[in-house]
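Novice: Below: one structure in structure tokens.
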Amino acid sequence: MIRRLAAAAAALVLAAAGPARAEPELYWGMTLLDPATERATPNAWILIDGGRIVRTGRGAPPRSIPTARSHDFRGHWALPGLFDTHAHVTLGPLNVRLENGKPVMEAVADPAVTAHNGRWLLAYGVTTIRDPGDRTDLSLAYVRDQQTGRVLGPEALVAGSIIDRSPVPILGLTDAPTAERSVTRMVQDQATAGVDYVKLYAHLPEAEVAEGIAAARASGVRSIGHLESMTWTRAANFGIDSLVHMMPVHPDLLPAGRRAAYAASTRHGAFSFFEWYEEVDLDSAEIRDMIAALKANRVHVDATLVAFHLAFRGNDSAVRDADLAAAPPTLAANWQAGFRFDAGWKADDYRRAQAVWPKVLRLTRMLWEAGVPMSVGTDMANPFVAPGVSVSREMELHAAAGIPAWAVLRMATIDAARALGVDKRTGRLKAGMEADVVFLRRDPTQDLSALREVAAVLHDGRLLNPQALKQGD
């Protein structure tokens, strides 16, 4: 028995290192889950050939199926490969230093971080990601390296350098407009380089956000907004494609009588994450109008709840450090050394943040109930957000918001595929689709924590061993 298990593990490692097999592969005996239809098919089988799903069925495979390698997955559940629509796969440690008495931040490129992230994402069944911003050349290099097999990791749609006017820019991550190089020119340059998205950031004034949205449309790429200078309502009506973080912290979304006091008292930065929620009325006309604009304009939102949950509970090491061992070692050290969203928070700040957390969850549920397009994104590579495992944490937080498990599974599969425009080839387990499959030891429709118990992963038809991926084999 030990010898057979060792041989099977070795075969999985070889599969992880080589191309998809040239002969058909039959996977059988599992319960096949289709979040698009909320259907579970027991005793199912999937025939894979050339990296794609050829056929699926139930019961004994027909004798007409060509000779194929056979894989027994009885007692398992098969789900389409997962998406993380907010995964900074190439983002390295962020260092802070003083230059001429002023703070300067720099994102340090580290190929070891990228390699670690790619493997661990796959180990948890994440076969497609959207990287919403890093240095343009790094983002595009990952796409090329992943497609050619030089890097083992999920398929990626990417944004380039983040367009922002922060008073403390992040070298190697953000890029600021100048008199000679407008937002429009920056968008055009990134589009020409080959990105899928451009990201417009918090410190851009409203006019430049609008300029960036229009330039992206004209250049044939999509726009992502992490916004503070413009309300989500106005961004949606200007035509932004995607908004990130369940933190629409603009004073104009507060009741009129509370705006001036909030604007005068907020400490900005991460403090606004809970200070804004203390003042917002989620039943107000401002919030209803925002949600209506998001729905009407089909603006895609990923909430990244896990990133904020880790900050709000940053005084609880059992929560904050739960997945630290899954992070690239240099990133874990960077976070522990002080790069964190809750830097400077006092006991009362944590108390206030935790008190408003139910409102964060409620707003998330309100968007889903209204029919706003949503997907699962984690903000991976930011403080304490580890690759792969944080996707299941994010999904569990959506469930805690009151969203049913099947709906959360859709967000992480077919809904994400539609939002990214790849639903014609991935996001479901049916004939003609890419063979992206995650095999689980427990039923995630009953308990989303089952997503952390991955038995095997198929990525474009390649059978991968999660443990071997984590070990870097």
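The values are calculated or read from the model by the stated rules, or taken from the named source; none is laboratory data. Keep in mind the model is a prediction, meaning the values are calculated, not measured. Here the Cβ positions follow ideal geometry from the backbone for every residue, glycine too, while neighbour counts run over all protein chains shown.
Novice: Does the stretch 48-60 contain any residue that is of a type in the set (S, T, N, Q) and farther than 22 Å from A416 by Cβ?
Specialist: Taking every residue of the stretch 48-60 in turn, none turns out to be of a type in the set (S, T, N, Q) and farther than 22 Å from A416 by Cβ.
Novice: Is there any pair with a first residue in the stretch 140-164 that is free of Cβ contacts under 8 Å to residues at least 60 places away in the same chain and surrounded by 19 or more Cβ atoms within 10 Å (Cβ to Cβ) and a second that is of a type in the set (K, R) and assigned to a loop (DSSP other than H, G, I, E, B) whose Cβ atoms are under 9 Å apart and which are 6 or more apart or on different chains, and what are they?
Specialist: Matching pairs, first to second residue: G160/R135; S161/R135.
Novice: Among the candidates R313, R258, R352, single out the residue that is in contact (Cβ under 8 Å) with a residue 12 or more places away in the chain, among the basic types (K, R) and over 24 Å from D379 (Cα atoms).
Specialist: Being in contact (Cβ under 8 Å) with a residue 12 or more places away in the chain, among the basic types (K, R) and over 24 Å from D379 (Cα atoms) holds for just one of R313, R258, R352, which is R258.
Novice: Taking the stretch 324-339 only, how many residues are modelled with pLDDT of 95 or more and touching a Pro at 6+ places or on another chain (Cβ under 9 Å)?
Specialist: 8
Novice: Which residues, counting only those in the stretch 139-167, are out of contact with any helix residue (DSSP H, G or I) (no Cβ under 8 Å at 6 or more places or on another chain) and not in a loop (DSSP other than H, G, I, E, B)?
Specialist: S139, A141, V143, R144, D145, Q147, T148, I162
Novice: Out of E286, E278, report the one residue that is touching a residue at least 60 places away in the same chain (Cβ under 8 Å), more than 23 Å from G118 (Cβ to Cβ) and over 19 Å from the mean Cα position of the chain (by Cα).
Specialist: Matching residue, one of E286, E278: E278.
Novice: Can I ask one more? Could you please find all residues in the stretch 400-425 being surrounded by fewer than 24 Cβ atoms within 10 Å (Cβ to Cβ) and in a loop (DSSP other than H, G, I, E, B)?
Specialist: Residues satisfying the conditions are A401, G402, I403, P404, G421, V422, D423, K424, R425.
Novice: If a residue must be farther than 25 Å from K295 by Cα and outside any helix (DSSP H, G or I), how many such residues does the stretch 354-397 contain?
Specialist: Of the residues in that region, 9 qualify.
Novice: Would you please name the residue that is surrounded by the most Cβ atoms within 10 Å (Cβ to Cβ), looking only at residues in the stretch 29-67 that are of a type in the set (A, V, I, L, M, F, W, C) and more than 25 Å from A405 (Cβ to Cβ)?
Specialist: To start, the set of residues in the stretch 29-67 that are of a type in the set (A, V, I, L, M, F, W, C) comprises 30, 32-33, 36, 40, 44-48, 53-54, 60, 65.
Imposing the further condition that a residue be more than 25 Å from A405 (Cβ to Cβ) reduces the set to 47-48, 54, 60, 65.
Numbers: L47: 22, I48: 27, V54: 18, A60: 9, I65: 14.
Checking each candidate, the answer is I48.
Novice: Right, something else. Within the stretch 280-295, restricting attention to residues that are among the charged types (D, E, K, R) and either closer than 17 Å to A235 by Cβ or not assigned by TED's automatic domain parsing to the domain that holds D379 (or both), which residue is surrounded by the fewest Cβ atoms within 10 Å (Cβ to Cβ)?
Specialist: R288
Novice: Quick one: G432 ticks every box in (1) at positive phi; (2) crowded, with 23+ Cβ neighbours inside 10 Å; (3) of a type outside the set (A, V, I, L, M, F, W, C) bar one, so which box is it?
Specialist: The number of the failed condition is (2).
Novice: Here is a list: D175, D196, D145. Which entry is of a type outside the set (G, A, S) and touching a Leu at 6+ places or on another chain (Cβ under 6 Å)? Write out each step before concluding.
Specialist: On the way: D175 fails: touching a Leu at 6+ places or on another chain (Cβ under 6 Å); D145 fails: touching a Leu at 6+ places or on another chain (Cβ under 6 Å).
After applying the criteria, what remains is D196.
Novice: Okay, next question. Answer yes or no as to whether S265 is touching a helix residue (DSSP H, G or I) at 6+ places or on another chain (Cβ under 6 Å) and at pLDDT below 95.
Specialist: No, not satisfied.
Novice: Which of the residues belonging to the stretch 244-279 are at positive phi and buried (at least 19 other Cβ atoms within 10 Å of the Cβ)?
Specialist: H245
Novice: Restricting attention to the stretch 328-361, report how many residues are surrounded by 17 or more Cβ atoms within 10 Å (Cβ to Cβ), among the aliphatic types (A, V, I, L, M) and within 17 Å of H309 (Cα to Cα).
Specialist: 4
Novice: Restricting to the stretch 67-94, name every residue that is within 26 Å of T41 (Cβ to Cβ), assigned to a loop (DSSP other than H, G, I, E, B) and touching a strand residue (DSSP E or B) at 6+ places or on another chain (Cβ under 8 Å).
Specialist: A68, F73, R74, G75, H76, G81
Novice: Take P167 and decide whether it is free of Cβ contacts under 8 Å to residues at least 40 places away in the same chain, closer than 29 Å to A303 by Cβ and more than 22 Å from the chain's Cα centre (by Cα).
Specialist: yes
Novice: Which pairs do you get when a residue that is surrounded by fewer than 24 Cβ atoms within 10 Å (Cβ to Cβ), found in the stretch 125-136, comes within reach of a residue that is among the aromatic types (F, W, Y) and assigned to a strand (DSSP E or B), reach meaning Cβ atoms under 9 angstrom, with the pair 6+ apart or on two chains?
Specialist: none
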